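J.: Got a structure for you, questions after.
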Ligand SMILES: NC(=O)c1ccc[n+]([C@@H]2O[C@H](COP(=O)([O-])OP(=O)(O)OC[C@H]3O[C@@H](n4cnc5c(N)ncnc54)[C@H](OP(=O)(O)O)[C@@H]3O)[C@@H](O)[C@H]2O)c1
């Protein structure tokens with residue numbers, strides 16, 4: 001699996017998502033993923049499974065420094081004092097250092113410089129390697145990048161959601177775009193165009209969606225599964241699509257957001 005280079009970070013192009021992957025199911029998924037070759041795991045304070053991710057990492061035969069581990073600071077804990085306490089909690093639950101620490105959602109009230117300043121202290125202390133953001137619009141990511149060296153914006157991205165503005169902003173700042181819900185939270189699994197292209201490559205619709213994503217410079221993807229067979233399948237996606245196939249997939253864009261809670265920012269048109 002190739003890595004995405006972004007402002008000093010090397011992010012494996014496919015990582016394991018763990019949202020809605022609780023307890024033992026999460027531990028089993030992370031263990032299966034590490035065993036079959038994943039070297040990138042995505043969690044968050046909000047998911048309530050950091051301890052299970054940490055346990056799987058600790059039990060694995062894979063050396064910790066070979067794995068790229070991301071977690072995210074909750075949106076209701078973005079004041080500097082809250083960041084300090086909550087990241088201490090993440091470090092304790094994970095039982096290991098954090099490779100990439102993200103702001104999970106932008107705040108409407110707390111200046112991003114203040115939050116990033118508090119996160120930066122953990123970088124200086126050596127407990128966190130890189131900082132980034134998630135669910136930031138193009139304008140928000142440009143503003144945030146003034147205040148810290150950021151390596152990614154993690155946003156929803158898949159063939160049904162083009163994300164042109166955010167992608168252009170990340171490219172301009174040397175940041176990766178980490179695609180969450182890369183299978184549109186399951187909506188893409190029965191897409192006939194992906195299915196047809198998949199048949200030509202002996203792959204599934206899910207694998208075609210992931211190949212389309214990670215075939216783009218600067219893009220990584222974090223599909224979630226708790227099924228060992230599908231976990232393995234989602235890593236076997238470093239294959240080339242033809243220009244014509246890519247164009248057919250590009251044409252599927254329809255502005256579908258599967259993750260748009262009421263506190264979302266005013267999204268860029270997509
Ligand atoms: N930053 C944020 O605000 C944010 C928001 C949403 C998500 N995320 C991250 O992104 C990750 C992925 O997003 P997601 O969980 O929304 O959805 P997703 O990865 O787009 O889709 C997951 C769904 O697809 C199924 N699936 C996975 N691989 C498959 C395959 N090869 N064939 C058939 N079905 C397959 C899974 O079921 P099984 O488990 O049964 O295989 C699950 O129902 C999350 O887990 C989380 O880490 C971040």
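J.: Hey, how much of the P(r) for segment 3-250 falls beyond 29 Å, as a percent of Cα pairs?
T.: Summing the P(r) of segment 3-250 above 29 Å gives 26 percent of all pairs.
J.: Based on DSSP H runs of at least 4 residues, each adding -39500 (n - 2.57), what is the mean residue ellipticity at 222 nm of the chain after dividing by all its residues, to the nearest 500 deg cm²/dmol?
T.: -12000 deg cm²/dmol
J.: For each of 149, 224, count neighbouring Cβ atoms within 10 Å of the residue's Cβ, then give the residues from fewest to most.
T.: Arranged by neighbour count, lowest to highest, 149, 224 become 149, 224.
J.: Taking the beta-carbon count within 10 Å as an exposure proxy, list 122, 136 from fewest neighbours to most.
T.: In increasing order of surrounding Cβ atoms, one gets 122, 136.
J.: If packing is taken as the mean number of other Cβ atoms within 10 Å per residue, what is the order of 208-220, 91-103, highest first?
T.: Top to bottom by mean Cβ count within 10 Å: 208-220, 91-103.
J.: For a Förster distance of 35 Å, can you work out the FRET efficiency between the beta-carbons of residue 3 and residue 109, rounded to the nearest 0.05?
T.: Given R0 = 35 Å and the Cβ-Cβ separation, E is 0.45.
J.: With r defined as the distance between the Cβ atoms of residue 63 and residue 84 and R0 fixed at 51 Å, what FRET efficiency is calculated, to the nearest 0.05?
T.: 0.95
J.: Hey, fewest Cβ within 10 Å first, where do 267, 52 land in order?
T.: The most exposed by this proxy come first: 267, 52.
J.: Please work out the FRET efficiency for the pair residue 24 and residue 190, using the Cβ-Cβ distance as r and a Förster radius of 25 Å; give the result to the nearest 0.05.
T.: The formula returns an efficiency of 0.30 here.
A short reminder: the numbers here are calculations on the coordinates, not readings from a lab. Small disclaimer: the values here were computed from a predicted structure and weren't measured. Methodologically, a virtual Cβ is constructed for each residue, glycine included, from the backbone with ideal geometry; neighbour enumeration extends over all protein chains shown.
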